[in-house]
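What follows is a short report on a single structure.
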Amino acid sequence: MSTEVEIGRGKRGRRAYSFDDIAIVPSRRTRDPEEVSIAWQIDAYRFELPFLAAPMDSVVSPQTAIAIGRLGGLGVLDLEGLWTRYEDPEPLLAEIAALDEATATRRLQEIYAEPIKEELIGARLKEIRDAGVTVAAALTPQRTAQYYKAVLDAGADLFVIRGTTVSAEHVSSRAEPLNLKQFIYDLDVPVIVGGCATYQAALHLMRTGAAGVLVGFGGGSAHTTQTVLGVAVPMATAVADVAAARRDYMDESGGRYVHVIADGGMSRSGDIAKAIACGADAVMIGKPLARAVEAPGRGYHWGAEAHHAELPRGTRVHVGTVGSLEQILLGPSDAPDGSLNLFGALRRAMATTGYSELKEFQRVEVTVSPQQG
């Protein structure tokens, strides 16, 4: 049965669903939350919590990356952010939080015009490594070839290539594009790459040898990509499509498993549970962590798109502060809105539906429900 609908006589489109459109269905079995494992392993690295903190200056500093690592997750440092442009970004982070709406975007563009310094890449990653946690760092596809050597020299364990959209076949008449397949083959560390939002794009990225694929496009709370470019994909459908690509690639490759990481559109604990239910192995989250007392953004949240020199596709948003990193990730919660104890909630969702492991929970039944008001 076709899922396409007629938009008008000359255009048809596929119906797609966001996390708000679906709900997880209870099953005949329940279990104790204490008996549920939400541990996640990618390559040689095991994490007690199945999440990566998004490489955004409002979320991840070297200090929060260390704190997140100690709590069981993985903080990914943006190597094109303030921490590699300035010796001491703290005064600038304070200034960004104090900007008024009218001047915020222009001032962000000025602040991020400062060049990246290779020696700071090494210093920041060394700080995280010296703390004894897994080291993950992110670059955009445009800057990967220029700086990846500094990342490897600094001892990164996992390398993330993250853009608004990343393809295995970028076409450019101006410059030699990054050959992802060759690049990943030559590296000694696992690479996570994305975003992508379709079955075909994900399959191509999996064939490059990536250890993980980020699923999402223009869906984050600090993005205005849909408003500016008109491009976005509802996340429940995107994750389910990419999970299908993972299954088919496993068959094609003789059993190679590529991790699917939902990235964007998850601001509450229920969204994280739904992402796993749709087939994700883990999630990459920004906004929920930007609301931590320790977050560098001081109650504000923004991504790299917000300071693009020519076409900003993001904005600095006020998200407020709700609790410590530990409360947000592990509780206890004193709020009924899904902003605290994100992974206690995931554990309980799995227990309520009778699943004890993440890979099993990917098979849970979901239903399409009208959007809640």
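The values are calculated or read from the model by the stated rules, or taken from the named source; none is laboratory data. Since the structure is predicted, the reported quantities are computational estimates derived from the model, not experimental observations. Virtual Cβ from ideal backbone geometry, glycine too; neighbours counted across all protein chains shown. Accessible surface is based on the protein model in full, side chains and every heavy atom, while ligands, DNA and RNA are left aside. Shrake-Rupley method; radii C 1.70, N 1.55, O 1.52, S 1.80 Å.
Observations on the structure shown:
- Of the chymotrypsin sites (Phe, Trp or Tyr not before Pro) found in segment 75-117, the ones in coil according to DSSP and having at most 16 other Cβ atoms within 10 Å of their Cβ are Tyr86.
- Where only DSSP H runs of four or more residues are counted, the chain gives -10000 deg cm²/dmol as its mean residue ellipticity at 222 nm, each run worth -39500 (n - 2.57).
- Rounded to the nearest Hz, the phi-derived 3J(HN,Hα) couplings of segment 200-217 under the Karplus curve 6.51 cos²θ - 1.76 cosθ + 1.60 (θ = phi - 60°) are 5, 5, 5, 4, 5, 5, 5, 6, 6, x, 4, 7, x, 10, 7, 10, x, 7, where x marks glycine and proline.
- In Å, descending, principal axis extents of the Cα set of the chain: 56, 51, 44
- Cβ charges +1 (Lys, Arg) and -1 (Asp, Glu), total dipole of segment 20-99, debye: 480
- Three principal axis lengths of segment 241-302 [C-alpha, angstrom, descending]: 47, 20, 15
- Above-threshold pairs, the threshold being 24 Å between Cα atoms, out of Lys274/Lys359; Lys126/Lys359; Lys181/Lys287: Lys126/Lys359; Lys181/Lys287
- Karplus (6.51, -1.76, 1.60) ³J(HN,Hα), θ = phi - 60°, over segment 278-287, in Hz, Gly and Pro reported as x: 7, x, 6, 8, 7, 10, 10, 10, x, 3
- Selection from Met350, Ser339, Asn179, by position along the positive dipole direction of the chain (Cβ): Met350
- Our coupling estimate for segment 97-109, obtained by passing each phi through the Karplus curve with A = 6.51, B = -1.76, C = 1.60 and θ = phi - 60°, is 5, 9, 5, 8, 4, 5, 10, 4, 5, 4, 5, 4, 4 Hz, Gly and Pro reported as x.
- Dipole magnitude for segment 1-52: about 500 debye, using +1 per Lys or Arg Cβ and -1 per Asp or Glu Cβ, origin at the Cα centre.
- In the full protein context, the chain carries 46 Å² of accessible surface per residue, based on a 1.4 Å probe and ignoring ligands, DNA and RNA.
- Here the accessible area is traced with a 1.4 Å probe on the protein chains. For the chain, carbon and sulfur cover 47 percent of it.
- Under a 5 Å amide H cut-off, with hydrogens placed 1.01 Å from N, Gly331 pairs with Asn341, Leu342 among residues at least 5 apart or on other chains.
- Paired Rg and Dmax values of segment 9-107, which use every Cα atom, in angstrom: 20.7, 58
- Scanning residues 5 or more positions from Phe51 or on other chains, those with amide H under 5 Å from its amide H are Leu74, Val283, with H placed 1.01 Å from N in the peptide plane.
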